[in-house]
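Some notes on the structure that comes next.
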Amino acid sequence: MEIKKSEWKDWARKNMKGLAGCILPSFTPDLSELDEAGIRWDVQQHIKHGFFSVLAESLCCGMTTEERKRFVEIACDEAGDRISVMVNIFYNSLEESIEMLRHAEKAGCYTAMLAYPINFYPRSEEDVYQATKMMCDSANLGIVLYPSHKYNFARFHPSAFNPRLLSRMADIENAVAMKVGILSPAGYTAECFRLVGHKVLVNCPEEGMWSITVPKYGQQWAGPSNYVMCQTPDNPRLVEHFNLLVNGDIDRAMDIFWALAPIQSARAAALNATLAGGLYHFTLWKYWQWLVGCNGGLLRQPIMPLYEHHKEGIKAALKAVGITPREPEEEFYVGRVNYSKGARLKVQSGQAV
Amino acid sequence: MEFTKSEAKQWARTHFKGLENVVLPSFTPDLSELDEEGIRHDVRYNIEQGFFSVLCAIESCGMTFEEQKHFLEIAADEARGKILVSVPLLCDTIEQSIEMLHHAERVGCAHALLGYAATFHPESEEAIYRVTRKICDSTNLATVIYPSHTFDFGKFHPSKFNPSLLSRMADIENVVAMKIGIIDSPGFTAECFRLMGDKILVNHPDDSNWPITIPQYGQQWAGATNYDVYQSPDNPRLIECFNLFVNGEFDRAMALHWELTPARNLLREQTTSKIAGGGLRHTNLFKYDQWLVGGNGGIVRPPAAKLYEHEKASARAALRSIGITPREPDDEFYVGRVNYARGMRLKPET
């Protein structure tokens with residue numbers, strides 16, 4: 001990679017503008033292997049939607065480390081110079097995290113979002129800082145810090161991730177940005193912008209907050225998240241909403257915001273139930289992404305199951321904002337690309353072929 | 001009245017500073033009558049804590065219209081010259097709302113929180129505006145507009161209360177302020193401040209939003225809600241936190257904000273409970289919270305949500321987490337502090 005560590009902060013300021021989406025892996029209908037064409041389709045879709053970056057989310061279902069690496073490689077290869085690829089570093093151990101950071105660099109990712117390993121139980125904030133520093137130092141990538149309630153760091157600070165610790169992390173050479181992962185209370189967001197906003201690019205991913213954070217705190221990017229659910233390639237409304245806010249056209253931005261209200265309510269109703277427990281309903285994400293043009297296809301176990309009432313609620317919300325949900329359902333279960341090649345669900349066993 | 005209608009907005013700018021708390025009704029132990037001394041205790045308790053105003057929650061449980069008026073009269077009498085008193089207009093009919101306003105003016109209230117009558121089902125936003133106008137025109141009191149999801153106006157605008165409609169209401173002469181009642185929508189909050197923050201005093205009552213709304217939007221007052229649960233008369237921490245934000249002392253304000261966070265996380269479950277989602281408040285629990293930190297307490301008359309042991313335990317844990325020792329014994333709560341001091345006890349046989 002041509003960017004020097006000392007140049008990452010500048011690079012970010014110039015290149016991290018707009019919204020970052022999120023792609024999930026696609027598999028062959030029998031779930032035995034990655035579906036390369038399906039993954040490439042999703043990268044292409046995100047380019048068409050106008051995202052500046054896409055997170056290759058490899059932690060959403062059961063995959064081997066080699067498969068996760070391959071997924072990131074395929075995404076980077078398809079992305080080329082058209083969209084920057086980010087990885088999510090949320091692995092079992094520090095060693096595995098560093099291995100993935102190095103792989104991401106080699107594969108052509110630009111940025112990595114830094115979570116803390118499952119087996120990491122620090123005794124102090126200093127431990128958290130040292131682990132962060134070690135991960136940042138291990139690869140030549142732009143690092144997105146990610147304070148979240150998921151790590152159970154509230155034992156060190158009532159906010160769940162001490163903003164002053166973040167501020168120290170923000171001084172690390174290749175720490176370029178931050179995703180606010182503690183969405184409530186809003187006080188946390190305010191502190192991140194106040195204490196860290198002049199060092200790294202703070203982003204609040206929740207679109208409801210942008211009407212505050214963009215005009216008042218100068219937020220220039222948001223994500224990664226499942227923003228694709230709110231739009232279509234020919235009418236990328238959420239990307240447009242964000243850009244209008246950035247350009248100070250608040251009236252037009254808010255017109256779009258209110259027009260999207262039905263879909264925001266449906267997303268909250270469908271997705272928030274599992275969030276407090278620290279999990280995301282990725283099967284639902286995959287289905288929703290398929291409804292608006294992405295590849296779809298089932299994810300491998302362990303996953304949360306997808307129910308008809310989920311599906312009906314989402315489709316109703318899409319129709320309410322003028323988006324025609326994709327059909328037929330069977331296409332989702334094998335993936336759009338596979339379906340176009342003639343793959344169908346095996347009726348007799350209920351399994352896809 | 002201290003001000004004429006045309007002076008109302010200016011009057012509010014001078015007087016609406018800090019926090020407005022809530023006073024809930026107290027009853028005799030058999031719930032047959034209002035407990036005047038208990039109500040007076042709670043007003044004094046609000047004065048001691050340093051609130052600039054107290055909202056007299058006439059709608060919080062089963063009372064006759066005459067009792068609601070009397071409750072307000074007692075509170076206003078105790079408050080006179082020491083703290084402002086406001087009344088929420090959550091009545092059965094518009095006529096009742098107007099009658100309550102006249103009464104409020106007579107007994108010495110300064111302002112009213114504008115709700116919409118239970119029987120009001122408007123066919124258009126114009127109808128909402130006209131009724132608001134009619135209510136405001138009927139009184140010399142200052143009025144606080146109150147966009148809330150409980151009015152079911154989502155049929156007119158996806159935000160549940162069209163910010164442009166609010167902006168029009170803000171031009172009415174004696175509309176002086178707003179309490180944001182759609183508290184979980186930052187987009188709505190931003191729009192309220194943007195579209196009418198220069199006309200009236202917009203307030204977000206949820207203290208978790210103050211780190212944004214005070215420095216970024218100049219919020220100068222908040223309420224009404226039960227802020228007293230975070231503090232005691234000798235240590236009014238939430239008022240101090242609010243004032244520090246207003247004075248631009250962000251570091252000290254945030255230190256207090258985080259100090260109160262463990263309690264906020266626990267108490268949030270009370271305000272975001274299924275009862276709240278249905279548009280109701282858990283009056284008995286609010287009453288219990290207040291009693292734990294020095295209020296009169298006493299259960300309220302039905303219809304009101306029931307109070308359970310696990311809710312009480314959670315409230316006590318919340319207070320301990322921020323260094324407040326919850327009041328005892330629990331028996332005192334059930335009859336009210338003032339009555340308990342007079343020797344009244346729960347009747348064991350009943």
Matching residues in the stretch B:128-155 - criterion: being out of contact with any Leu (no Cβ under 8 Å at 6 or more places or on another chain), modelled with pLDDT of 95 or more and of a type outside the set (Asp, Glu): B:130, B:131, B:133, B:134, B:140, B:142
Note on the stretch B:238-255: residues within 14 Å of another protein chain (Cβ to nearest Cβ) and either crowded, with 20+ Cβ neighbours inside 10 Å or under 22 Å from residue B:47 (Cα atoms) (or both) are B:238, B:241, B:242, B:244, B:245, B:253, B:254
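If you check residue B:228 against the conditions, is it at negative phi, of a type in the set (D, E, K, R) and crowded, with 19+ Cβ neighbours inside 10 Å?
Details: at negative phi: yes; of a type in the set (D, E, K, R): yes; crowded, with 19+ Cβ neighbours inside 10 Å: yes.
Yes; evaluated as a whole, the condition is true for this residue.
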Of residues in the stretch A:177-206 being more than 8 Å from chain B (Cβ to nearest Cβ) and part of a helix (DSSP H, G or I), the one nearest to residue A:281 (Cα to Cα): A:188
Is it the case, given these coordinates, that residue A:287 is in contact with a strand residue (DSSP E or B) (Cβ under 6 Å, 6 or more places away or on another chain), away from chain B (no Cβ under 14 Å), assigned to a helix (DSSP H, G or I) and surrounded by 14 or more Cβ atoms within 10 Å (Cβ to Cβ)? no
Among A:247, A:203, A:235, which is under 21 Å from the mean Cα position of the chain (by Cα) and within 24 Å of residue B:193 (Cβ to Cβ)? A:203
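Based on this model, can you work out whether residue A:72 counts as aliphatic (A, V, I, L, M), in contact with a Gly (Cβ under 7 Å, 6 or more places away or on another chain) and at pLDDT 95 or above?
Working: aliphatic (A, V, I, L, M): yes; in contact with a Gly (Cβ under 7 Å, 6 or more places away or on another chain): no; at pLDDT 95 or above: yes.
The answer is no for residue A:72.
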Answer yes or no: is there a residue in the stretch B:312-333 that is modelled with pLDDT under 95 and among the aromatic types (Phe, Trp, Tyr). no
Would you mention how many residues in the stretch B:318-350 are within 22 Å of residue B:233 (Cβ to Cβ), assigned to a helix (DSSP H, G or I) and in contact (Cβ under 8 Å) with a residue 40 or more places away in the chain? 8
How many residues are away from chain B (no Cβ under 11 Å) and free of Cβ contacts under 8 Å to residues at least 60 places away in the same chain when one looks only at the stretch A:153-174? 12
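Yes or no: the stretch B:187-198 includes at least one residue that is touching a residue at least 60 places away in the same chain (Cβ under 8 Å) and either in contact with a Pro (Cβ under 8 Å, 6 or more places away or on another chain) or surrounded by 24 or more Cβ atoms within 10 Å (Cβ to Cβ) (or both).
Scanning the stretch B:187-198, I find no residue that is touching a residue at least 60 places away in the same chain (Cβ under 8 Å) and either in contact with a Pro (Cβ under 8 Å, 6 or more places away or on another chain) or surrounded by 24 or more Cβ atoms within 10 Å (Cβ to Cβ) (or both), so the answer is no.
Do you know which residues across the stretch B:95-124 are more than 24 Å from residue B:9 (Cα to Cα) and either assigned to a helix (DSSP H, G or I) or among the basic types (Lys, Arg) (or both)? Write out each step before concluding.
Pass one, the stretch B:95-124, residues more than 24 Å from residue B:9 (Cα to Cα): B:95-96, B:117-124.
Of everything in the stretch B:95-124, those that are more than 24 Å from residue B:9 (Cα to Cα) and either assigned to a helix (DSSP H, G or I) or among the basic types (Lys, Arg) (or both) turn out to be B:95, B:96.
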Does residue A:253 satisfy the condition of being over 22 Å from residue A:41 (Cα atoms), in contact (Cβ under 8 Å) with a residue 40 or more places away in the chain and surrounded by 13 or more Cβ atoms within 10 Å (Cβ to Cβ)? yes
Quick check on my filter: what residues within the stretch B:136-164 are more than 13 Å from chain A (Cβ to nearest Cβ), closer than 16 Å to residue B:200 by Cβ and of a type in the set (A, V, I, L, M, F, W, C)? B:136, B:141, B:142, B:144, B:145
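Is it the case that residue B:100 is over 24 Å from residue B:221 (Cβ atoms), over 14 Å from the mean Cα position of the chain (by Cα) and buried (at least 17 other Cβ atoms within 10 Å of the Cβ)?
Working: over 24 Å from residue B:221 (Cβ atoms): no; over 14 Å from the mean Cα position of the chain (by Cα): yes; buried (at least 17 other Cβ atoms within 10 Å of the Cβ): yes.
Taking the combined requirement at face value, the residue does not satisfy it.
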Please work out if residue A:224 is of a type outside the set (Val, Ile, Thr), outside any helix (DSSP H, G or I) and buried (at least 17 other Cβ atoms within 10 Å of the Cβ). yes
Scan the stretch B:257-287 for residues that are surrounded by fewer than 18 Cβ atoms within 10 Å (Cβ to Cβ), more than 9 Å from chain A (Cβ to nearest Cβ) and either at pLDDT 90 or above or in contact with a strand residue (DSSP E or B) (Cβ under 7 Å, 6 or more places away or on another chain) (or both) and report the count. 0
Failed condition for residue B:238, given (1) modelled with pLDDT of 95 or more; (2) more than 16 Å from the chain's Cα centre (by Cα); (3) part of a helix (DSSP H, G or I), with all others met? (2)
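Check every one of the helices (runs of 4 or more DSSP H) wholly within the stretch B:141-221 and list those with 2 or more residues that are β-branched (Val, Ile, Thr) and touching a helix residue (DSSP H, G or I) at 6+ places or on another chain (Cβ under 7 Å).
B:210-217
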Residue by residue through the stretch A:237-283, note down the ones that are touching a strand residue (DSSP E or B) at 6+ places or on another chain (Cβ under 9 Å) and more than 14 Å from chain B (Cβ to nearest Cβ). A:239, A:243, A:246, A:278
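Table: residues versus (1) among the basic types (Lys, Arg); (2) within 20 Å of the chain's Cα centre (by Cα); (3) within 14 Å of another protein chain (Cβ to nearest Cβ); (4) surrounded by 21 or more Cβ atoms within 10 Å (Cβ to Cβ).
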residue	(1), (2), (3), (4)
B:183	no, yes, yes, no
B:202	no, yes, yes, yes
B:209	no, yes, yes, yes
B:213	no, yes, yes, yes
B:221	no, yes, no, yes
B:232	no, yes, no, no
Where in the stretch A:1-87 are there helices (runs of 4 or more DSSP H), lying fully within it, with 3 or more residues that are within 28 Å of residue A:138 (Cβ to Cβ) and among the hydrophobic types (A, V, I, L, M, F, W, C)? A:8-15, A:65-79
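The values are calculated or read from the model by the stated rules, or taken from the named source; none is laboratory data. Because the structure is predicted, anything quoted here is derived from the model rather than measured. Every residue, glycine among them, receives a Cβ derived from its backbone with ideal geometry; neighbour counts consider all protein chains shown.
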